[in-house]
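What follows is a set of notes on a single structure, which appears directly below.
The values are calculated or read from the model by the stated rules, or taken from the named source; none is laboratory data. Remember, predicted model here, so these are calculated numbers, not experimental data. Backbone-built Cβ (ideal geometry, glycine too); neighbour counts: all protein chains shown. Remember, those area values only see protein heavy atoms, side chains included, never the ligands or the DNA or RNA. Shrake-Rupley method; radii C 1.70, N 1.55, O 1.52, S 1.80 Å.
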Amino acid sequence: QLQASGGGSVRTGDSLRLSCAASVQLFNSYLMSWFRQAPGKEREFVAAIRWSGVTTYYADSVKGRFTISRDKAKNTVYLQMNSLKPEDTAVYYCATRTYYSGQYYTEGNEYPYWGQGTQVTVSS
């Protein structure tokens, strides 16, 4: 079970931190990711982190502005979002799957487990 939180309404240039708490034990072989879906658009990959913390990767659209991290003690993954833009407006979802070294999982249909979404709205 994944529980996402932290969304809200902010202005351009503001920051938000999203959280995704897992109610089951996570292992280093797991990959935790964030996706987002804007109205009328397809779901898109945002960022991913291996639970071991060794591997992270980002969509080009958020590189340098967003940071994904995890806190093993809290069983939680975070998405720190800085310099927010109106085009970041979307419902943000966390998801998880088993990670296999060398693979990049950026398609939603590659993830079997999802949390509910949290709305992020950025106004100009």
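Heavy atoms only, probe 1.4 angstrom, no DNA, RNA or ligands counted: give me Arg11, Arg70 ranked by accessible area, highest first. Spell out each step's value before the answer.
Values: Arg11 135, Arg70 70 Å².
Of Arg11, Arg70, the descending order of accessible area is Arg11, Arg70.
At a 1.4 Å probe radius, which order do Asp60, Asp71, Asp88 fall into by accessible area, largest first? Could the numbers behind the result be given before it?
Details: Asp60 125, Asp71 45, Asp88 0 Å².
The residues order as Asp60, Asp71, Asp88, largest area first.
How high is the relative contact order of the chain? Use alpha-carbon pairs under 8 Å, at least six apart in sequence, and give a whole percent. Write down the numbers at each step before the final one.
Numbers: 301 pairs, mean separation 44.7, N = 124.
Once normalised by length, the contact order is 36 percent.
Which whole number of Å³ per residue matches the convex hull of the alpha-carbon atoms in the chain? Spell out each step's value before the answer.
Numbers: hull volume 11.6 nm³, N = 124.
Taking the convex hull of the Cα positions in the chain, it is 93 Å³ per residue.
If you take the square roots of the eigenvalues of the alpha-carbon gyration tensor of region 66-111 and sort them as a ≥ b ≥ c, do you get rounded (a/c under 1.5), prolate (a/b over b/c) or oblate?
Working: a/c = 2.08, a/b = 1.31, b/c = 1.60.
Cα axes put region 66-111 in the oblate bin.
Along the Cα→Cβ direction, 7 angstrom out, place labels at Ser69 and Phe27. What is the inter-label distance in nm?
The two pseudo-label positions are separated by 2.7 nm.
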